[in-house]
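Here is the structure we will look at.
The values are calculated or read from the model by the stated rules, or taken from the named source; none is laboratory data. The structure displayed is predicted, hence computed values, not measured ones. Quick reminder, even Gly has a Cβ in these numbers, built from the backbone with ideal geometry, and neighbours come from all protein chains shown.
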Amino acid sequence: MARILAIDFGKKRTGVAVTDELQLIASGLTTVATHDFFDFLADYLKQEKVELFLVGEPKQMNNEVSESEALIIPFINRLTKVHPTIPIKRVDERFTSKMAFQTMIDGGLKKKQRQNKALIDEISATIILQSYLYNLKN
């Protein structure tokens, strides 16, 4: 099996998480400057096989897409164009940033560490991936 790669797209930073090859465990990989993401991805795909991209889908409480979706659509279009053989699925990412922050608190990270927005993005991508894996099994 190949890995699943989850993407928490942001205007400045993009969080990335991956599964193990058996697709059992979700792990944060890194946070990349968004303008460097496609270079990062090309390098990563030279080393690892990925069978699916998960991209967070920001929704509002009333289930409508959020304003940031306008930035994500061109990103997805480019991702499809650059890597046409790897399918893309969308995953609801509501509350992932809040959950990531709470995870940092629960993990005992100090206030200064919790202010690291790159870490929040990476943890958010991991939560997106974990929720996908959980829903896949149930």
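Here are a few things to note about the model shown:
- Test: residue in the range 99-110 that is within 22 Å of residue 38 (Cβ to Cβ), modelled with pLDDT under 85, part of a loop (DSSP other than H, G, I, E, B) and not aliphatic (A, V, I, L, M): no
- Inspection of the range 55-71 identifies no residue that is more than 28 Å from residue 137 (Cβ to Cβ), modelled with pLDDT of 95 or more and exposed (fewer than 11 other Cβ atoms within 10 Å of the Cβ).
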